[in-house]
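Every read-out reported here was derived from the displayed coordinates using simple, explicitly stated rules and does not represent laboratory data. Keep in mind it's a predicted model, so treat the numbers as computed, not measured. Cβ placement follows ideal geometry from the backbone for every residue including glycine, while neighbour counts extend to all protein chains displayed.
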Amino acid sequence: MKKEERGPSFTADPAPPVKKDLAISIVQFTPTTEREVEEHNQAVMRRGADRKCYIKRCARCRSENPFAPHDLRRRGLRLIVNHAVLCVSVWLARWRCRKCCHVFTDYPTFVLPYKRYAGPTLLHLAASYLENDRRSYRQTVSPGGRATCYWQRPGSAAEENRALHHSTLWCMLAWLGSQCAALALGRQLLQQQHPDSSCHRFVGAVAPQKFRSPQRQRLLCRARQLLHLIAEWNRLFPEKFFPRFATKAEFW
């Protein structure tokens, strides 16, 4: 019986690897520590000219420091340290411009207006979720299956045991993804100073299992784009993106 002749066999070329966006180094978003808060509180509690001031120019008349001390204001701040949420108090200095008499609040780099959590802590959580394709909301707030609980100081009033909820992470991501103006203007200024920057080409693609609707996909992609922009901004400029740029430029 004559064997059937077959043509030459061809092997299909392997598909080229899919190029992913450059991942953000989570090291660049180191969470705020309790020691940083204590050092800041000691610096702003000093009297007179020894009090720490982070702002260099008045937002109204653009005159340079020095400003006159006006008041001190205390507010709460939440940190995440060693699988625990710490509720600490931070003092914010209020200053008065000697030229136009404008009174303003001076925020350190780790405090965001109207946000309970420290800024670097917020960015660290968001990057931990977006940069890991297989990590869910619950796995991010409870790494290793260990819940991130609120820590009670000795002698404080007894409260019910609380833990960091996964919906808090989504609220953080939704807020970052809604900063359209901050993302657009930040890219524009970054390209003006560094034309070789590729931040405008970063599409911020996320894993398909992290969203079910086009609206959430756009929010997550925009949040990842903003994180990439912040990481590059903080590396190239001496002034941090938060809170000096985004929260004080009055466009966010």
Say whether the condition of being surrounded by 20 or more Cβ atoms within 10 Å (Cβ to Cβ) and within 25 Å of G204 (Cβ to Cβ) is met by at least one residue in the stretch 98-111.
-> yes
Might you let me know whether the stretch 181-193 holds any residue that is closer than 15 Å to L122 by Cα, touching a Leu at 6+ places or on another chain (Cβ under 9 Å), in contact (Cβ under 8 Å) with a residue 40 or more places away in the chain and among the charged types (D, E, K, R)?
-> no
Check on R138, among the basic types (K, R) and under 21 Å from P31 (Cβ atoms) | yes
With the checklist (1) closer than 29 Å to R57 by Cβ; (2) under 21 Å from the mean Cα position of the chain (by Cα); (3) of a type outside the set (A, V, I, L, M, F, W, C) in hand, flag the one item R135 doesn't pass.
-> (1)
Answer residue from the stretch 111-128, given it is hydroxyl-bearing (S, T, Y) and within 12 Å of the chain's Cα centre (by Cα) and is nearest to T30 (Cα to Cα) among those = T121
Exception for N132 within (1) under 22 Å from A43 (Cα atoms); (2) not in a helix (DSSP H, G or I) falls at (1)
Considering residues of the stretch 79-110 that are part of a strand (DSSP E or B) and among the charged types (D, E, K, R) only, the residue farthest from F29 (Cα to Cα) = R96
